[in-house]
1. Which order results if 147, 269, 538 are arranged by neighbouring Cβ count within 10 Å, fewest first?
2. Quick one: if the Förster radius is 22 Å, what FRET efficiency do residue 356 and residue 387 give, using the C-beta to C-beta distance and rounding to 0.05?
3. Putting +1 on Lys and Arg Cβ atoms and -1 on Asp and Glu Cβ atoms, find which of 172, 145, 236 reaches farthest to the positive end of the dipole of segment 117-275.
4. Contour minus end-to-end for residue 436 and residue 274, with contour as 0.36 nm per residue of separation and end-to-end as the Cα-Cα distance?
5. Suppose R0 equals 41 Å; then what is the FRET efficiency for residue 209 and residue 298 from their Cβ-Cβ distance, rounded to the nearest 0.05?
6. Grab the beta carbon distance between residue 341 and residue 541, set R0 = 51 Å, and tell me the FRET efficiency rounded to 0.05.
7. Using just the C-alpha positions of segment 57-135 as equal point scatterers, what log10 of I(q)/I(0) does the Debye formula give at each q in 0.18, 0.20 1/Å?
8. Take residue 114 and residue 426, extend 7 Å from each Cα along the Cα→Cβ direction, and tell me the distance between the two endpoints in nm.
Amino acid sequence: MSDVRGHLGVRGRGPSKLAVLVAAVLAVTTVLSGLQGPARVGAEEAAGEGEAAPKPAVAVIITCRDMVDEGMHASIKRRTAEALAAGATYIIYEIETFGGRVDSGISIHDYFLTEVRYQAHTVAYLPGEAISAGALISVACQDIVMRKGSKIGDCAPILMGGKLEGVEREKMESPLREYFEDAAQTNGYPAALCEAMVTADKEVWRVKHVQTGEYEYLLTEDLPKQDPNAIAEKELIVKKGELATFHATDALEYGLARVVAEGPPEQARQEMLSFLEERDNVVFNRPVASLHTNWSEEMVRWLTNPAVAAVLLSLALLGVYVELNTPGLGLAGGVALAALAILFGSKFLIGMANWWEIAVFVIGIALLMVEIFVIPGFGVAGISGILLMVFSLGAMMVQNAPDQLPIPVSPTDWGLFEQHVIWSSVAFFCFLVIAYFLGRFLPQIPVANRLILAGPGGQAGLANSQGGGLGGTNVAATVSGTAEAGPAGSGTTIEPSAAVEVGQCGISLSPLRPGGNARFAATRLTVVSRGELIESGRKIRIVAIEGNRIVVQEVPQPEDD
């Protein structure tokens with residue numbers, strides 16, 4: 001019995017210790033689980049809070065208003081680079097324009113789509129109208145946000161002073177549709193609606209698929225023909241013969257706009273910013289910086305307007321005309337040089353003038369000056385100079401790379417070229433009219449008549465004695481000279497109205513190569529020969545008075561027996 005009890009007792013104590021050991025392990029595990037559970041939950045909650053916290057972001061607004069041209073393109077690139085350098089992660093282009101040049105719109109479109117989007121999130125904010133080229137640059141942005149009452153669309157190309165039809169229109173519209181389609185596919189806009197902004201003969205339908213229940217926008221030619229039952233609903237959105245233009249509410253419904261902001265301008269802008277913050281879980285720096293065009297960019301855009309360029313050309317021509325018909329170098333010449341510098345400089349800054357075109361114009365001026373002041377008569381040098389100047393002005397009317405000939409290629413280029421030619425023709429006509437009245441009435445103006453050459457009876461050198469053109473055999477001139485009180489060259493008093501005329505003889509005071517000084521009676525004048533060398537002290541005769549240039553020739557001396 002004792003052995004049995006002892007054996008049983010040993011076996012009975014074993015389970016008790018094991019049970020205690022198991023219970024202890026379970027207790028410790030429970031305690032540890034209790035301690036780790038709240039910590040794990042807290043960590044998960046903290047992680048969740050970290051993911052929900054908005055991320056800081058830097059937004060910059062860049063205004064894009066008025067005509068779309070190369071000036072806008074250059075300004076947008078400058079301000080975008082400035083915004084990126086400041087750390088902008090969202091660039092909001094505030095676009096409000098009725099369009100402009102197609103080539104400039106394409107350049108801005110490509111800049112947004114291929115460069116800026118990889119460095120910052122691009123947003124097109126439309127507070128008003130984004131028509132024509134404005135629509136083209138808007139769809140190139142990753143988001144379009146419209147203010148209530150704004151519009152987008154109508155991007156059919158037009159030709160200034162002409163009409164695009166048939167093949168010419170298709171040649172313009174086809175690449176434009178490609179640009180719109182690329183932007184729509186990249187940024188998630190309905191491609192069919194974007195194409196309908198360019199071509200009026202496109203019909204766009206909103207269809208609902210039976211299987212997916214989703215809406216899609218299709219052109220008539222893209223509707224399913226094999227299985228028409230695949231479409232549950234079909235609604236015509238854009239009719240044939242209409243250019244698609246969408247109000248803000250329609251653009252939101254059709255998926256062109258992400259949201260429509262309401263209220264006054266500043267309130268709508270803040271609503272747009274709040275939408276982006278909430279959707280993307282970011283918080284913008286406040287106040288959001290706005291970058292505007294500077295005064296120099298606005299001035300260059302104004303100066304490159306064809307009408308303003310025509311005024312500058314008229315001023316340049318008038319300045320040269322007056323300068324050639326007045327003694328010495330004066331205000332008129334300075335005005336002409338300033339007008340030409342502004343005309344070429346503004347074109348150069350926006351890429352309308354290349355360096356070689358400016359060089360050709362300078363060479364033309366040099367040849368013309370050589371013809372006027374050095375070579376007698378008017379021949380090859382003068383004609384070549386004029387032709388080079390006209391060619392240079394014409395080349396500036398076409399935007400081309402330095403290694404390309406200035407020949408318009410697209411209908412847009414031809415339209416722009418035609419517009420510049422029309423305004424240049426107007427400028428030349430205005431120059432002729434003003435020059436005629438200057439030649440006829442300037443001598444009668446008390447102060448202005450001192451600037452011109454006049455004849456013995458007060459007849460101005462801007463017109464001949466019969467009121468005709470420049471110079472001639474009956475023309476005389478009044479010039480400032482030096483009245484001699486003794487031997488030749490010793491006089492010091494000024495004779496403001498000493499008269500010289502064609503046929504009058506004098507003495508050369510210096511060698512004429514071909515220009516130099518001569519004395520006529522008591523007056524010392526600057527004269528020019530017709531190219532031949534005339535030695536000092538020779539007898540000369542005035543053969544022509546051309547503006548402020550007195551042309552002389554040597555009087556042959558009788559030979560001694």
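What follows draws every value from the coordinates through simple rules; no lab data is involved. As the structure is a prediction and not an experimental result, all values here were calculated from the model. Reconstructed Cβ throughout: ideal geometry from the backbone, glycine too, with neighbour counts over all protein chains shown.
1. 538, 269, 147
2. 0.90
3. Value: 145.
4. That works out to 51.9 nm of additional length.
5. 0.20
6. Result of the calculation: an efficiency of 0.80.
7. Log10 of I(q)/I(0), two decimals: -0.66, -0.82.
8. 3.6
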